[in-house]
Amino acid sequence: MSTAVSASAAASNAPAPLPTLSPSELPMRTKVFAFATMCVGMFIALLDIQIVSASLRDIGGGISAGADETVWVQTAYLIAEIIIIPLSGWLARVMSTRWLFAASAAGFTVTSLLCGIAWNIESMIAFRAAQGFLGGSMIPMVFTTAFAFFEGKQRVAAAAIIGGLASLAPTLGPTIGGWITDNFSWHWLFFINLAPGIFVTIVVPILVKIDEPDWSLLKGADYLGMVLLALFLGCLEYTLEEGPRWDWLGDHVILTTAWISGIAGIGFLWRSLTYKNPVVDLSALKDVNFALGCVFSFVTGIGIFATIYLTPLFLGQVRGFSALQTGLAIFSTGLFQVMSIPIYAYFANRVDLRWLLMFGLALFALSMWNFMPIMHDWGGAELLLPQALRGAAQQFAVAPTVTLALGALPPARLKQASGLFNLMRNLGGAIGIAACATILNDRTNLHFLRLAEHLNIRNEAMAAFLNDATTRLTLLSNEVNDGNAAAVKQLWSLAMREAHTLTYSDAFLAIFVCFAIATPLVPLMRKVAPPKAPSADAH
């Protein structure tokens, strides 16, 4: 293949192009720099999922939007991103990896600028959806490139870096977002993407030459499958995001989107299994490692995104922390994950990756177990141990899953499989957040009623509290009735605070159960000896 291409190039008096070399034969400096550049693109795309989570109140105030509307600043991005990720494999075959990545980076950069100058909630939602859709393809393409560039121990190290960034970026999102909002303004949540976005857009087309575009795939493509996939995932994400706030199927809009998602999902499965060239190749699920890898990716998605959702919400709702205080309190997770990367890289080349994965999942379960005794006065100090365990667990759970699930797949399947693999993590996150939001909604009232049962005239502690509070508040108001009412209101607030705290413990218990179930499944995977990097003609 290389000889034929060189001969053709000589015949046309042009130098042999870079793709005639196997990607693994490129200079190591070139491969590392190209890979690092793509990792920057993936990192900012993942970072933007959660970078707004601690700053939604500030964004809403800046564009005169209510709390129900500003939630869509995050939801719109998630819906768009979850749709494009599984399509990225087909798009990469059509456009090539480098041009799809460059176009994604360019679109992400432009829409980041538009988000920063949004003038109302409607424009912000539209620009955030475009940002998620245009930038989402960068995430799975990094996986493909790493397996093309590297082999052996280098591939394990690359997988460790990808796995670390994939879980680190959303973890750091609230911290970085809170710091930016408190020190600058919410506009800079989006403007910080401009410099790295431009850099990635320019560098990737120059260095990442691992395949060639095949525009002929546009003819006879599975466009019906794309429509069904978009309806399935888009309506599913909407249902999961909005369901907890609107009583699930009790709301006619949620009921409608749930039906559309279910019907479109069945149609998509039928289309994918019967069409000659489906947009998403589900046959990779026949591989036991890949199928189990998708399961573990789904479970880790639940753990990563649900805890990112719960912890800032607890600190803001129960503790009353500001965006910056919340970010600083949860910063330890990212710190301990970064510290775990060299430790994981050391053991990854010496220990069976299955046991590292099993350790990571078990450690994640232990972290959730340490979250469960949560009290209303917990802050950064009390959260340090469970977050430290979670940070290390994320590295040991995500990175080996990448190698075990994708490492043994042939190059022809890798592009589409990486999209499906990443979809499962984001889908797990969406379902995990929806489940935790439902637990918070449903269990709070239950805990409050159980606490209220003990707040009666026979409760001496309650009577003493009311007497003291009434006396103190009466002196402030000079009216006995006002003092009594204020004391009862204060008691109600304390009971509700404790009910909220108990509910967060329930949510962490649910996440613990998911990891406790997943951990014993790891030995079902087979040991993977990473194959050599594919040659240029394999693409």
*Would you mind getting me the FRET efficiency between Ala464 and Met372? Use the beta-carbon distance for r and R0 = 41 Å, nearest 0.05.*
0.85
*Putting +1 on Lys and Arg Cβ atoms and -1 on Asp and Glu Cβ atoms, find which of Thr109, Asn183, Val200 reaches farthest to the positive end of the dipole of region 86-210.*
Val200
*Going highest first, how would you order 399-411, 308-320 by mean Cβ packing within 10 Å?*
399-411, 308-320
*Helix 194-207 axis, angle to the chain major axis (alpha carbon atoms, nearest 10°)*: 20
_Which of Thr503, Leu404, Met28, positive extreme of dipole for the chain (C-beta unit charges)_ = Met28
*What FRET efficiency, computed as 1/(1 + (r/R0)^6) with R0 = 22 Å and r the Cβ-Cβ distance, is obtained for Ser185 and Gln317, rounded to the nearest 0.05?*
0.40
*Between the helical axis of 97-116 and the dominant principal axis of the chain, each derived from Cα atoms, what acute angle in degrees is found, rounded to the nearest 10?*
30
*Length-normalised contact order for the chain - Cα pairs under 8 Å, 6+ apart - percent*: 22
_Least to most buried among Trp215, Trp259 (fewest other Cβ within 10 Å first)_ = Trp215, Trp259
*asked:* Tell me which of Leu255, Pro278, Thr438 sits at the most positive position along the dipole axis of the chain, charges placed on C-beta atoms (Lys, Arg +1; Asp, Glu -1).
replied: Pro278
*Residues of type aspartates and glutamates that Lys527 reaches as a straight line, Cα spacing below 12 Å, ignoring anything fewer than 8 places off in the same chain*: Asp352
*Order by neighbour count: Ser332, Ser104, fewest other Cβ atoms within 10 Å first, most last.*
Ser332, Ser104
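For Ala381 and Leu335 in the same chain, what is the full-extension length gain: residue separation times 0.36 nm, less their Cα-Cα distance, in nm?
Extra length available between Ala381 and Leu335 comes to 15.1 nm.
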_Straight-line reach from Lys219: which lysines fall under 25 Å, measuring Cα to Cα and dropping same-chain residues less than 8 apart?_
Lys209, Lys276, Lys415
*asked:* Can you give me the distance in nm between label points at Trp119 and Val32, each placed 7 Å from the Cα along the Cα-to-Cβ direction?
replied: 4.9
_Folded to 0 to 90 degrees: helix 353-371 orientation relative to the chain principal axis, Cα_ = 20
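Sorted by average packing, counted as other Cβ atoms within 10 angstrom per residue and highest first, what order do 355-367, 492-504 take? Intermediate results must be reported in sequence, preceding the final value.
Numbers: 355-367: 23.2, 492-504: 17.7.
So the peptides 355-367, 492-504, ranked by packing, come out 355-367, 492-504.
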*Within 10 Å of each residue's Cβ, count the other Cβ atoms and sort His252, His376 from fewest upward.*
His252, His376
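Read-outs: derived from the displayed coordinates by stated rules, not from any lab. Note that the coordinates shown come from a computational prediction; the quantities given were computed from them, not determined experimentally. Glycine gets a Cβ as well: all are built from the backbone with ideal geometry, and neighbour counts include every protein chain shown.
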